[in-house]
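No lab work stands behind these numbers, since they all come straight from the coordinates. Every value quoted in this text rests on a predicted model; they were computed, and no experiment measured them. When we count neighbours, we look across all protein chains shown, and the Cβ atoms used for this are built from the backbone with ideal geometry, even at glycine.
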Amino acid sequence: MFDSPALMPTQKSTVLTDGPASLYHFTRLDDVAPAKAPPVLLVPSMINRWYVLDLRTGASVCEALVKAGLDAWCLDWGAPEAHDRYFTWGEAVQRLDRMLRRVRRETGSAQVTVLGYCMGATLASVHAALHPDLYAGFINLLGPIDFSEAGMLGRMTDPRWFDADVVAEAGNVSPDQMQSGFKLLRPTQDIAKAVTVFEKAFDPKFMAGYQALEAWAQDNVAFPAAAYTTYIKELYQQNWLIQGKHHTLGQRVDLKSITCPLLTIAAEKDSICPPKAAVALNGAVGSSQTQVLPVPGGHVGAVVGSKAAEKLYPALITWMKERTCS
């Protein structure tokens, strides 16, 4: 009835590959004056495809940044293979480090603004604490930091009844395994979705957004087993990151070491990263400039929903231009 919308519409080139991962550079528009701001590196979650940040025209963080004249880059974690079961949390931090340093080398900029989404923000907070001098600014977009505020996911992974080692014993944790947990957060979601589609089946604007989001939602990747066990045991179950007890690559991760300007974005209806889990970062860092931006919607809708272009994208752009320029 309706043509499927084009996914990943923002033009880009691949600058670097690192195992299954890639570093993308988005093409800047000739008719837009370059913004006087450092380059920005987008760091998505490891367990979802990166292009939730470039879903479709009009619903794309990448597109908005490029149109504003910002120099945008993105880490695509790629799809892990069976042998990547041994890929550790520390190696993920190292991969992020290599990507960020490549952006610095390509642009000649000493510092980079990093926008981390979901688990990508959690990983970026670890990296920022270890390498604070590389950060011009840090944006935590719906990324959990205080896992005592993790809500239902925290209760589901309680060590009294959840053993991460057993889950990962067979290898990488499959998308189906992880999605089954997310569906338990909203058990009636599929029914509600079906009813909404039936009611709006002849609304082309709604259907374009729905089809794009469904395509992305069905395109998940596995979670490397070794990284998964660390993430669940040390962060969800023991909450070591916010307590200053988390160690990565032989170093203690002290969030107070983060001194760059910080923006934390919390979605009002986020059941995957409840607002308190994200906002806790602001009180844990050593930054003198911190800000919280509440946005409407849930964990994904806040980023690609109908209101994202009205509130989220302009706020990101304004913050980067005002807070990260030297």
Looking only at the chain, where both bridge partners belong to it, what percent of the DSSP beta bridges are antiparallel (to the nearest 5)? 40 percent
Exposed loop sites here are chymotrypsin sites (Phe, Trp or Tyr not before Pro) in DSSP loop states with at most 13 other C-beta atoms within 10 Å. What is the longest stretch of the chain lacking them? 1-160
Gap separating the Cα centres of the stretch 1-62 and the stretch 310-326, nearest whole Å: 17 Å
Quick one: compute the contact order of the chain, relative version, from alpha carbon pairs under 8 angstrom and 6+ residues apart, as a percent. 23 percent
List the trypsin sites (Lys or Arg not before Pro) within the stretch 208-262 that fall in a DSSP loop (any state other than H, G, I, E or B) and whose Cβ has at most 15 other Cβ atoms within 10 Å. 245
Relative exposure of 166, 52, judged by other C-beta atoms within 10 Å (fewest first): 166, 52
Ranking 155, 104, 85, 160 by Cβ neighbours within 10 Å, fewest first, what do you get? 160, 155, 104, 85
What per residue convex hull volume, in Å³, comes out for the stretch 275-326 when only alpha-carbon positions are used? 81 Å³
The chain, Cα convex hull volume normalised per residue, Å³: 130 Å³
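Rounded to two decimals, what ratio of Rg to Rh does the stretch 5-62 give with C-alpha atoms and a Kirkwood Rh?
Dividing the radius of gyration by the Kirkwood radius yields 0.97.
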So which GluC sites (Glu not before Pro) in the stretch 54-163 are both in a DSSP loop and have at most 14 other Cβ atoms within 10 Å of their Cβ? 81
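Rounded to a whole number of µm²/s, how large is the Stokes-Einstein D of the stretch 57-99 at 37 °C and 0.692 mPa s, given Rh as the Kirkwood radius over C-alpha pairs?
256 µm²/s
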